[in-house]
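Values quoted throughout were computed directly from the atomic coordinates according to the rules given, and no laboratory measurement underlies them. Keep in mind that this is a model prediction, so the values were computed, not measured. Here the Cβ positions follow ideal geometry from the backbone for every residue, glycine too, while neighbour counts run over all protein chains shown.
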Amino acid sequence: MDNRDEVKAFLSTRRAKLTPEQAGLAHYGRNRRVTGLRRSEVADLAGVSVEYYARLERGNLSGVSESVLDALARALQLDEAERAHLADLARAAGPAARVRRTPPAQLRPSVARILAGMTEVPAIVNNGRLDVLAANPLGVALFAPVFADSARPANHARFTFLDPRARDFWLDWERAADDAVATLRLEAGRDPFDKALTDLVGELSTRSDAFRVRWAAHDVRLHRTGVKHFHHPVVGDLHLDYEVMELPADPGLSLIAFSAEGGSSADDSLRFLASWAATHHRADALTPPEGGLTVD
């Protein structure tokens with residue numbers, strides 16, 4: 001088992017997206033057969049031979065130096081997420097690729113205490129597969145439709161593509177879908193031997209055309225900060241800032257906190273949601289099954 005197919009698809013799709021004009025090359029007339037760059041053009045831009053680049057695009061990144069990866073990234077005009085993904089693919093092609101850490105399935109007590117102490121903002125902990133490993137009560141209330149399915153762990157990608165409630169919950173469903181797939185692509189580059197991730201991708205590819213099309217595009221995106229747009233079943237439209245904080249002592253896990261500017265309508269909605277959650281904390285839609293996720 002190796003990641004040659006992943007490497008081949010990623011490099012070829014990046015090459016196809018970059019036009020000669022964008023790369024600063026002369027266009028070779030209307031009879032040009034490819035819309036993107038030719039392999040020879042990428043090779044010239046990267047300062048490598050055509051034969052060597054062809055080997056790379058056939059999926060063989062084993063032993064490739066950082067300088068060559070940097071040259072490829074410049075030639076293909078990769079953004080930060082794409083550069084990180086290319087580096088991950090190269091690491092996964094190396095001899096140490098199979099020696100991978102398994103992300104923890106549960107939170108350390110100190111992280112759980114921090115999560116529980118965040119009483120005024122919704123907060124959750126995700127792994128790279130977008131499983132929700134823990135949530136404070138307000139986080140459970142915010143993501144009530146995600147937790148409505150009794151299957152555990154709750155998973156953002158499975159909810160987004162397979163649950164009919166997702167298109168109401170996400171005001172911008174297309175962006176949410178793009179983000180979910182881009183995150184899973186990054187994780188697949190980091191650990192191509194993660195069976196749980198492979199099983200999830202297989203399930204989503206089989207059951208969702210929308211997922212399958214996005215997965216084939218090989219797009220990646222870093223998920224660090226921004227605004228999420230919800231249509232919550234209790235408080236209606238809700239626009240919240242989010243911050244993603246990686247947990248270095250627990251590789252693969254991230255704490256995500258959501259907030260609103262004080263005095264804003266979103267802040268008022270969050271306060272109402274907190275009051276409602278405190279009253280309805282035992283409601284079936286919000287209460288995880290025994291051994292579930294809420295950090296009280």
For residue 113 and residue 150, extending 7 Å from Cα along the Cα-Cβ vector and measuring point to point gives, in nm, a value of 3.5 nm
Exposed-loop cut sites defined as chymotrypsin sites (Phe, Trp or Tyr not before Pro) in DSSP loop states with at most 15 other Cβ within 10 angstrom; longest site-free run of the chain spans 29-192
Residue separation between residue 168 and residue 106 times 0.36 nm, minus their alpha-carbon distance, gives in nm 19.3 nm
Filtered hits (lysines, Cα-Cα < 17 Å from residue 17, offset >= 8 within chain) -> 8
Sorting 134, 264, 275 by the position of each Cα along the dipole of the stretch 109-279 (Lys, Arg +1; Asp, Glu -1; all at Cβ), the one nearest the positive end of that ordering is 134
From DSSP H assignment alone, runs of 4+ in the chain each adding -39500 (n - 2.57), the sum over residues rounded to the nearest 500 puts [θ] at 222 nm at -13500 deg cm²/dmol
When 198, 35 are arranged by how many other beta-carbons sit within 10 Å of their Cβ, fewest first, they go 35, 198
Once the dipole of the chain is set up from charges on Cβ (+1 Lys and Arg, -1 Asp and Glu), the residue from the list 215, 225, 61 lying farthest towards its positive end is 61
Projecting the Cα atoms of 121, 49, 177 onto the charge dipole of the chain, where Lys and Arg contribute +1 and Asp and Glu -1 at Cβ, the residue farthest towards the positive end is 49
If R0 = 41 Å, then residue 67 and residue 198, at their Cβ-Cβ distance, give a FRET efficiency to the nearest 0.05 of 0.80
Once the in-chain neighbours fewer than 8 apart are removed, the aspartates and glutamates whose Cα is under 12 Å from residue 228 read 172, 179, 237, 241, 243
